[in-house]
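Let me begin by presenting the structure, written as structure tokens, before commenting on it.
The values are calculated or read from the model by the stated rules, or taken from the named source; none is laboratory data. No experiment lies behind these values; they were computed from the predicted model shown. Please note: Cβ atoms are built from the backbone with ideal geometry, for glycine as well, and neighbour counts cover all protein chains shown.
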Amino acid sequence: MRMFFLRLTISLLALAGLAYGLRGKLFEALHILHKGLQWKWFCLAVLVYLLATVVISWRLQLIFKVQKVKVRVAQAFYLSFLGLFFNLFFPSAMGGDVAKGYFAYQYSGKKLGSLTGVLLDRLLGFVTLILIALTALSFYGSRQIEIPIVRQTLYGALGLLIFGILFFANHRFAKIFQFLGHLVPSSKWRQNLSDLYHAIRGYGNHKRLLIFCILLSFLGQFVFLADVYLLSKGLGLGLPIGPFLVLVPLVAFASLAPSLSGLGVREAGFVFFFKSLIPAEQAFALSILYDLLYYGYALLAGLVFAFRGGLKPEVIHDLQEIETRKEVGIL
């Protein structure tokens, strides 16, 4: 409950700060949406978002395959959209991953494999976002993106990425940090973390499949980023695609901060990172348009879930229990 109030507070503070920063410009942003939106671009963005979800769902299905979690591509697609819905349903930024892991376990009966698959799927998404942003920054250049924190943040993320690769790829390197296991109070959960570590390391024995999943991840994430570019075309912003490949990943990372599904933080991220390229009211209008797309798909997934009988009290209870245990550090 304390974590919920923390996230609620952060979302409210982000919204308040955004309202203060946009004082006098909020109605201009709404006017841009009302008068300047070209619906053909928005409809195209809706379809492209669907295409990107198909690609990352295929990635998820292949990742599950290594763990012998039998999930069809159609089921993985359904899980991807359920993740969007449960990101709204639960206050945690990772609530969607909890739901995907839970329902993958229901399909397969393999708890560790489902958890490992969802975790690696999330990590691959982060890795490719970082690499796309760094590559785009090197080609596009940072001269037009006058925010010093952009380069530092991306290089910091790259450092974490290199650390993660060494940690899982090199057992000797990982052993250096073995002492941190004593910080986990329960021997049971120390064993669970050890099992999870070795399950992720096991993907090294499936290099061809892992490389193909990485390629799918690059394709899917690039399409997601290009989708925001299409939304900007719908608003007539006139920006090239380069800045979106650099800045939208930073918005995505910022939205993972404790908040109610990124509410307030994501919109503030759009305004902050795009402020050197376009007026604040245009950046805010773009964030609202993205919210319409994101929340629209999430609510549609919720309706499908409800009509399929998913909103059973025992299911919701199980998911809430998992989410609560994760919040207090058990998971």
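Go through the range 227-240 and give me each residue that's in contact with a helix residue (DSSP H, G or I) (Cβ under 7 Å, 6 or more places away or on another chain) and either over 21 Å from THR135 (Cα atoms) or touching a residue at least 24 places away in the same chain (Cβ under 8 Å) (or both). First the steps, then the outcome.
Pass one, the range 227-240, residues in contact with a helix residue (DSSP H, G or I) (Cβ under 7 Å, 6 or more places away or on another chain): 227-237, 239.
Selection gives ASP227, VAL228, LEU230, LEU231, SER232, LYS233, GLY234, LEU235, GLY236, LEU237, LEU239.
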Contact list, first residue from the range 167-183 and over 12 Å from HIS198 (Cα atoms), second anywhere and at pLDDT below 85 and surrounded by 12 or more Cβ atoms within 10 Å (Cβ to Cβ), beta-carbon distance below 6 Å, six or more apart or interchain, is GLY181/ARG190
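Among what's in the range 255-264 and is of a type outside the set (Ser, Thr, Tyr) and under 13 Å from TYR290 (Cβ atoms), pick the residue that is surrounded by the most Cβ atoms within 10 Å (Cβ to Cβ).
GLY262
Does ALA29 satisfy the criteria of being closer than 18 Å to PHE274 by Cβ and touching a helix residue (DSSP H, G or I) at 6+ places or on another chain (Cβ under 6 Å)?
Values: closer than 18 Å to PHE274 by Cβ: yes; touching a helix residue (DSSP H, G or I) at 6+ places or on another chain (Cβ under 6 Å): yes.
Yes, satisfied.
Yes/no matrix, rows are residues, columns are (1) farther than 26 Å from ASN205 by Cβ; (2) among the hydroxyl-bearing types (Ser, Thr, Tyr); (3) in a helix (DSSP H, G or I):
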position: TRP41; (1), (2), (3): yes, no, yes
position: THR53; (1), (2), (3): yes, yes, yes
position: ARG59; (1), (2), (3): no, no, yes
position: ILE63; (1), (2), (3): no, no, yes
position: LYS68; (1), (2), (3): no, no, no
position: PHE81; (1), (2), (3): yes, no, yes
position: PHE85; (1), (2), (3): yes, no, yes
position: TYR102; (1), (2), (3): yes, yes, yes
position: GLN106; (1), (2), (3): yes, no, yes
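For (1) of a type in the set (Val, Ile, Thr); (2) surrounded by fewer than 17 Cβ atoms within 10 Å (Cβ to Cβ), each residue gets a yes or a no:
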{"position": "HIS171", "(1), (2)": "no, yes"}
{"position": "ALA174", "(1), (2)": "no, yes"}
{"position": "LEU180", "(1), (2)": "no, yes"}
{"position": "ASP195", "(1), (2)": "no, yes"}
{"position": "GLY220", "(1), (2)": "no, no"}
{"position": "VAL228", "(1), (2)": "yes, no"}
Filter the range 27-41 for residues that are among the hydrophobic types (A, V, I, L, M, F, W, C) and surrounded by 15 or more Cβ atoms within 10 Å (Cβ to Cβ); the one that is modelled with the highest pLDDT is TRP41
Across (1) modelled with pLDDT of 85 or more; (2) surrounded by 21 or more Cβ atoms within 10 Å (Cβ to Cβ), ILE162 clears everything bar (2)
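I'd like the full set of residues that are in contact (Cβ under 8 Å) with a residue 12 or more places away in the chain and either among the charged types (D, E, K, R) or closer than 16 Å to LEU247 by Cα (or both), limited to the range 106-125. Outline the logic, then answer.
Of the residues in the range 106-125, the ones in contact (Cβ under 8 Å) with a residue 12 or more places away in the chain are 107-108, 110, 112-125.
Those that are in contact (Cβ under 8 Å) with a residue 12 or more places away in the chain and either among the charged types (D, E, K, R) or closer than 16 Å to LEU247 by Cα (or both): LYS110, ASP121, ARG122, GLY125.
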